[in-house]
Amino acid sequence: MGKTNVSLRGKNVLGLADFSAEEIRLVLETAKEMKNIIHRDIKKVPTLRGKSIVTLFYEPSTRTRTSFELAGKYLGADVVNITAGTSSIVKGESLRDTLYTIEAMGVDAIVMRHKAEGAAEYAARVVSPVIINAGDGAHAHPSQGLLNLFTIEQHKGHLEGLKVAILGDVLHSRVARSDIYGMRKMGMEVHIAGPKTLLPRFLSEEPGIVVHERIEDAIKDADVIEVLRIQLERMKGGLFPTTREYARIFGLNNERLALAKDDVLVLHPGPMNKGWEISPFVAYGDNSAIQEEVQNGVAVRMALFTLVLTGGKQE
Ligand code: CP
């Protein structure tokens, strides 16, 4: 890691809107070191020995919860998982009382996913452990934004000046919001396309974002394409045609992929609705880094834990 005066020690990771470019750079550089640990036979270092972490998930997750758990364990921390369905939350315990209960056990960090926007910010106000937002409604998913940047940089060698197309259900996507803040801060050119009903109005007012009516215009000459999951579970109705129509007009297939640069990188945060927003040929094709994103998620989350709980290495 190069010389830096930036420290994330004690910082709550609530969203990339409150991360500077320098702070993002520190996470990406630290994640490179962490990725080496994941490739070792014995994936265990003592960096967080004596630290305790709770993952508190009110919404389902495979990638995020598991990778935060593995990240903590690889770094030597004690990690305990609480899911809403198997805790006293089902007996009606409030979010505040649940947070107080976890705090009382001497926990150093809480990784939290909740359906309410602002839930992580609320947690950071009421308890002392470091809070890492693992997704709050449609608001933010900062570690996913960071792992996307990390994956892009691993392939392209840099971020500044790259054209990224973000496609689909932006309205319900906390990933898209974290991407947009992170990518803009790192000097990327952000293009958006999707059904008008699924594009929030704030986008056209954001500086440096180009909103397209046609998906083909966003994809043209792109260096990176991020396809978003259609979040039917968050839709109240009337926003969406049929899945077949969506695939026809907005789905990323090989024909549309050919409009981008030859070495375009395809990302998707998962889980995928294959055949809807992305064809299986694209999802598993040569340009796809979707599985690699999952592995990079562990490295980036190891970096976050190291930096917020120890300050990391300051050379
Ligand atoms: N990308 C993502 O948040 O996936 P999970 O819902 O499986 O955690």
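Looking across 134, 222, one residue alone is assigned to a loop (DSSP other than H, G, I, E, B), in contact with a strand residue (DSSP E or B) (Cβ under 8 Å, 6 or more places away or on another chain) and open to solvent by less than 10 Å² (accessible area, probe 1.4 Å). It is 222. Of all residues in region 59-68, none are more than 16 Å from the ligand (Cβ to nearest atom) and open to solvent by less than 60 Å² (accessible area, probe 1.4 Å).
For the criterion of being farther than 30 Å from residue 45 by Cβ and either out of contact with any His (no Cβ under 9 Å at 6 or more places or on another chain) or more than 16 Å from the ligand (Cβ to nearest atom) (or both), residue 216 passes. Every listed requirement among (1) out of contact with any helix residue (DSSP H, G or I) (no Cβ under 8 Å at 6 or more places or on another chain); (2) on the phi < 0 side of the Ramachandran plot is met by residue 27 save one, (1). Exactly one residue among 54, 45, 80 is part of a strand (DSSP E or B), open to solvent by less than 40 Å² (accessible area, probe 1.4 Å) and either within 16 Å of the ligand (Cβ to nearest atom) or in contact (Cβ under 8 Å) with a residue 12 or more places away in the chain (or both), and that residue is 54.
The numbered conditions (1) at pLDDT 95 or above; (2) open to solvent by 10 Å² or more (accessible area, probe 1.4 Å); (3) within 16 Å of the ligand (Cβ to nearest atom) are all true for residue 301 except (2).
Within region 196-211, residues that are within 14 Å of residue 166 (Cα to Cα) sit with their Cβ atoms under 7 Å from residues that are open to solvent by 30 Å² or more (accessible area, probe 1.4 Å) and among the polar types (S, T, N, Q), at 6+ positions apart or across chains, in these pairs: 211/204. Filtered by the rule that a residue be in contact (Cβ under 8 Å) with a residue 60 or more places away in the chain and either over 24 Å from residue 233 (Cα atoms) or more than 15 Å from the ligand (Cβ to nearest atom) (or both), region 264-274 gives a lone residue, 265.
When you scan region 238-261, do you find a residue that is under 20 Å from the mean Cα position of the chain (by Cα) and either closer than 24 Å to residue 17 by Cα or free of Cβ contacts under 8 Å to residues at least 60 places away in the same chain (or both), even just one? No: zero hits.
Counting the residues of region 107-131 that are within 16 Å of the ligand (Cβ to nearest atom), in a helix (DSSP H, G or I) and more than 15 Å from the chain's Cα centre (by Cα) gives 1.
Of the residues making up region 1-42, those that are of a type in the set (S, T, N, Q) and assigned to a helix (DSSP H, G or I) number 2. Scanning region 96-118 for residues that are touching a residue at least 60 places away in the same chain (Cβ under 8 Å) and buried (at least 22 other Cβ atoms within 10 Å of the Cβ) gives a single hit, 109. The sole residue among 310, 243 that is out of contact with any Asp or Glu (no Cβ under 7 Å at 6 or more places or on another chain), under 16 Å from residue 33 (Cα atoms) and open to solvent by 10 Å² or more (accessible area, probe 1.4 Å) is 310.
Only a single item in (1) loosely packed, with under 15 Cβ neighbours inside 10 Å; (2) of a type outside the set (Phe, Trp, Tyr); (3) in a loop (DSSP other than H, G, I, E, B) is not met by residue 216, and it is number (3). Residue count for region 275-293, restricted to those that are away from the ligand (no atom under 13 Å from the Cβ) and surrounded by fewer than 16 Cβ atoms within 10 Å (Cβ to Cβ): 6.
The values are calculated or read from the model by the stated rules, or taken from the named source; none is laboratory data. Worth saying up front: this structure is predicted, and the values here are computed from it rather than measured. Don't worry about glycine lacking a Cβ; one is built from the backbone with ideal geometry, like all the others, and counts go over all protein chains shown. The area values use the complete protein model at the heavy-atom level, side chains included, leaving out ligands, DNA and RNA. Shrake-Rupley method; radii C 1.70, N 1.55, O 1.52, S 1.80 Å.
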